[in-house]
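J.: To start, I am sharing the structure in question, which I have written as structure tokens.
The values are calculated or read from the model by the stated rules, or taken from the named source; none is laboratory data. Fair warning: this is a prediction, and the values are worked out from it, not measured in the lab. When the accessible area is computed, the model is the full protein with side chains, heavy atoms only, and any ligands, DNA or RNA have been set aside. Shrake-Rupley method; radii C 1.70, N 1.55, O 1.52, S 1.80 Å.
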Amino acid sequence: MADKPSVLRETDDEARKLARIILRSARSAAIAVIKPNSGGFPFVSRVLIGIDTDGTPVILVSALSVHTQALSKDQRCSLLTGEIGKGDPLAHARLTVQCEAQKVERGSDAHARIRERFIRRHPKAKLYADFPDFAFFRLTPLKANMNGGFGRAYILNGEDLMIRSVAIGDIAEMETGAIDHMNSDHADAASTYAKLYCKGKGTGWRISGLDASGVDLTLGDQLKRLEYDAPLQSKGELRSALVKLYR
């Protein structure tokens, strides 16, 4: 019997970039966990998504929720991201990421960094982010499956979704100041980026995140991700990258 043709395509740089954009432009995601005392049954809920400076997705969840209780027992989980547009929902790209969750301890440098980035991305989260029963979790990607539309299926590893650069820490330290500068002194830049590179409509876009791999752009409930052609390798490259994109 002849072998059946594989439905999978070879995972190339274009597929990796699309997967990163799908994940990093997500405002929310479906999260699947193993429900405690359920005999191994999965439990699915919805969570807000943030992205740490190394590309790791993060969530802010209440200790009262079933998915938080599940993660305290079993660190394994999966995220499903991908926006549904007009027409057949299955014709739109989506990404499933298998992850391992780790709680971010309050008072740590990581917690302060993640909190600031998350609230810029989701301003309303400031109302409850500091409640004692809420906590951030980093969800380290282990493996991913992407469907970029009909006939475009790929398998990726966790590394394909991460940001690898020696400049991650340096850019993180200057991120807040750089965002404030861009949004105040170059207020039209974000709208230009959104229109030219992300098919964004309207004006009034703002930069909500800067990292070694790209720019997060927000307008109301809209979120767009602009990825550089390659990760920056020094903090000195940030200004020139933003200027180049604007021109």
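J.: Counting alpha carbon pairs within less than 8 Å and at least 6 residues apart, what relative contact order, in whole percent, applies to segment 100-247?
T.: Once normalised by length, the contact order is 18 percent.
J.: Here is a follow-up. Once you keep just the Cα pairs under 8 angstrom separated by 6 or more residues, what percentage relative contact order results for the chain?
T.: Value for the chain: 18 percent.
J.: Another question, then. How about Lys244: which lysines have a C-alpha closer than 19 Å to its C-alpha, ignoring those fewer than 8 places off in the same chain?
T.: Filter leaves Lys195, Lys199, Lys224, Lys235.
J.: At 1.4 Å probe radius, can you tell me the per residue accessible area of the chain in Å²?
T.: Each residue of the chain exposes 55 Å² on average to a 1.4 Å probe.
J.: Then there's this: What's the extension gain from Ala30 to Lys124 if we count 0.36 nm per residue and subtract their Cα-Cα distance?
T.: Full extension of this stretch gives 31.9 nm more.
J.: Within the chain, which DSSP H helices have Cα atoms that stretch 20 Å or more along the helix axis and a mean Kyte-Doolittle hydropathy of at least -0.5?
T.: Sorted by number, the helices that extend far enough and score high enough are 168-185.
J.: A further question follows. Relative contact order (percent) for segment 69-117, with alpha-carbon contacts under 8 angstrom and 6 or more residues of separation?
T.: 33
J.: When the helix-only estimate is applied to the chain (DSSP H runs of n ≥ 4, each -39,500 (n - 2.57), divided by the residue count), what is the mean residue ellipticity at 222 nm, nearest 500 deg cm²/dmol?
T.: So the calculated ellipticity at 222 nm is -9000 deg cm²/dmol.
J.: Check the straight Cα-Cα distances from Lys103 and name the lysines below 26 Å, setting aside those fewer than 8 residues away within the same chain.
T.: Qualifying lysines at Cα under 26 Å: Lys35, Lys73, Lys124, Lys126, Lys143.
J.: Take the alpha carbon atoms of segment 130-193, find their center, do the same for segment 49-74, and report the distance between the two centers in whole angstrom.
T.: Their Cα centres are 16 Å away from one another.
J.: Can you send over the carbon and sulfur percentage of the accessible area for segment 172-247, probe radius 1.4 Å, protein chains only?
T.: Roughly 50 percent, rounded to a whole number.
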